[in-house]
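Let me begin by presenting the structure, written as structure tokens, before commenting on it.
The values are calculated or read from the model by the stated rules, or taken from the named source; none is laboratory data. In this text, all values refer to a predicted model and were calculated from it rather than measured experimentally. Glycine gets a Cβ as well: all are built from the backbone with ideal geometry, and neighbour counts include every protein chain shown.
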Amino acid sequence: MISFVGAGPGAPDLITLRGAARLGAADVVIWASSLVPEALLDHARPGAEIHDSATMTLEDVLATYQRHPGAAIVRLHSGDPGIYGAIQEQIDWCVARNRDFEIVPGVSSLAAAGAAIGRELTIPKVAQSVVVTRLAGRTKESMPPRESVAAFAAIGATTAVFLSAARPQELQAELLGATSAYRAETPAAIVVRASWPDEQVVVTTVGRLAEDLAATGATTTALVLVGPALTGLAARSHLYSPGFAHKFRRRSAPGTTLGRPA
């Protein structure tokens, strides 16, 4: 079995129980030292064969799979492997060769960044959608033409921009384009190495984003959050309102706020 395991955003205790169990049982572990803290390897068993993918090509990784046809292998990806994890090409290899595989979800850095700034990312009547995107950059050919940061900025939802810290001016320009729903005063946050011991959190605005992002010195492992939901102000939720009923709870009786089972 080849297990594509999400290591989580960085903190060793933010890997899932299943992910830690797969690491503990693995014969072979391939991990990315540039993105995953070495402390995550504490979950691996003594004697496991460890490979650092930071200097490996896809062909190197696949060759390692090929050399261990009967082994329990963990490919340890940062965050959640389904978000910018480059796992589909590995899955295709497994399918073509009838190799058993599984995907073990991980805590995304998006979730960790939201926790770091102490904000809910979906506020009723403000933002009910979260867009996950990035600048095109060196891999411009992989970006569908309709999925630019500027195109998503026109929606005005909460936007999480990955893999773009090295181009702060370009990012700010796209967020403030002619069709953007954002303004210079729209709140933004920069979270560098979310949940790592040296985590940085910068609360800013779109108008100050380029300057503040450059000042962090970060070019990798940085996530930018943008949108009016980051103000933290929210109307009362209907879900827990005494006057709102659902399949588990009736409306509260007149003159009381006590919950009543349905």
The range 84-180: strands (runs of 3 or more DSSP E) wholly inside it with 3 or more residues that are surrounded by fewer than 20 Cβ atoms within 10 Å (Cβ to Cβ) and at pLDDT 95 or above are 101-104, 130-134
In the set VAL224, VAL130, VAL203, the lone residue that is within 24 Å of SER34 (Cβ to Cβ) and in contact (Cβ under 8 Å) with a residue 12 or more places away in the chain is VAL224
Positions within the range 17-71 being in a loop (DSSP other than H, G, I, E, B) and more than 26 Å from the chain's Cα centre (by Cα), in sequence order:
ASP27, ARG45, PRO46, GLY47, ALA48, HIS68, PRO69, GLY70, ALA71
When (1) under 27 Å from PRO37 (Cβ atoms); (2) over 20 Å from the mean Cα position of the chain (by Cα) are applied to VAL192, the one that fails is (2)
